[in-house]
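Chemist: Dropping the structure in here first, questions after.
The values are calculated or read from the model by the stated rules, or taken from the named source; none is laboratory data. Note that the structure is a prediction, hence the values are computed from the model and not measured. Don't worry about glycine lacking a Cβ; one is built from the backbone with ideal geometry, like all the others, and counts go over all protein chains shown. Ligands, DNA and RNA are excluded from the accessible area calculation, which covers all protein heavy atoms including side chains. Shrake-Rupley method; radii C 1.70, N 1.55, O 1.52, S 1.80 Å.
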Amino acid sequence: DSVIREVMAHYCEKPQPLLVAVGKRAKVIGIYSPVSRCLKTSLALTMGQQLAREGKVLYVGFEPFAGFTRLLEGECRADLSDVLYFFRQDDFGVMRLRSMVYTWKDMDYIPPVKYPEDLEQLTGEEAALLVEQIAVECGYGHLVVDMGQTICGILPVLDNCDVIFMPVKEDCVSAAKLEEFEKYLQVSKREDLKDRIRRVKLPYHSNFGRVDSYMEQLLWGELGDYVRQLLKGAPWK
């Protein structure tokens, strides 16, 4: 994998003709919630792993302090900051992406940013255009987009998603946040997004052991069972 990334990086140093992977647009699965501490990223990682057992999947996380270095036990030479740089320079495509994508088991992923400041200037429109370009040009079957609170304007990204899973909790503060989010959709005249939002109450797992095996435990624990049922017969797949 490291050799392939190195070759792709050198290939991209010289001007190349536009290359687009042949195939249909990837299904974009958004994972978002205005509620904190709701297992949002755990759901995104579990769903990415499960879908990768069936086809090509790319996980994209717009979360600061995602903890990937610790969870996946490795340093990455490129991350989402580099992707955003080349995208803004209009120097981003299939080959460039392949030089910055890493793989966990069957799931491809773009390592999240190392510094949260890199996300603070990211607009919703930019994030949506990047996601759409990857979905159309890069040959994946599914994109799993883990959306944080740092994107300035979340609606364009949500609008790009074929389905949006929204983890929720039942306490009164969480309920108030969800109510405010729905009012925001109403004021923004984007109530149509409600048709794509699937609220999910996730099982709280309590039997995890070592951090370095967390990813496998996600897939084969209670959350993995829940996700498999969630994906079973899903019409948007």
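Chemist: Specify which of the listed residues (Val157, Val131, Val144, Val136) is within 19 Å of Leu202 (Cβ to Cβ) and either among the aliphatic types (A, V, I, L, M) or at pLDDT 95 or above (or both).
Modeler: Checking each option against the conditions leaves just Val144.
Chemist: Looking at (1) farther than 17 Å from Ala44 by Cα; (2) open to solvent by less than 100 Å² (accessible area, probe 1.4 Å); (3) modelled with pLDDT of 90 or more, which one does Gly209 not meet, given that it meets all the others?
Modeler: If we test Gly209 against (1) farther than 17 Å from Ala44 by Cα; (2) open to solvent by less than 100 Å² (accessible area, probe 1.4 Å); (3) modelled with pLDDT of 90 or more, just (3) comes out false.
Chemist: Also, I was wondering about something else. Return yes when Ala135 is touching a Leu at 6+ places or on another chain (Cβ under 6 Å), crowded, with 20+ Cβ neighbours inside 10 Å and assigned to a helix (DSSP H, G or I) and no when it is not.
Modeler: Against the criterion (touching a Leu at 6+ places or on another chain (Cβ under 6 Å), crowded, with 20+ Cβ neighbours inside 10 Å and assigned to a helix (DSSP H, G or I)), Ala135 qualifies.
Chemist: Would you mention how many residues in segment 40-97 are at pLDDT below 90, among the β-branched types (Val, Ile, Thr) and more than 25 Å from Gly124 (Cβ to Cβ)?
Modeler: Counting residues in segment 40-97 that are at pLDDT below 90, among the β-branched types (Val, Ile, Thr) and more than 25 Å from Gly124 (Cβ to Cβ) gives 1.
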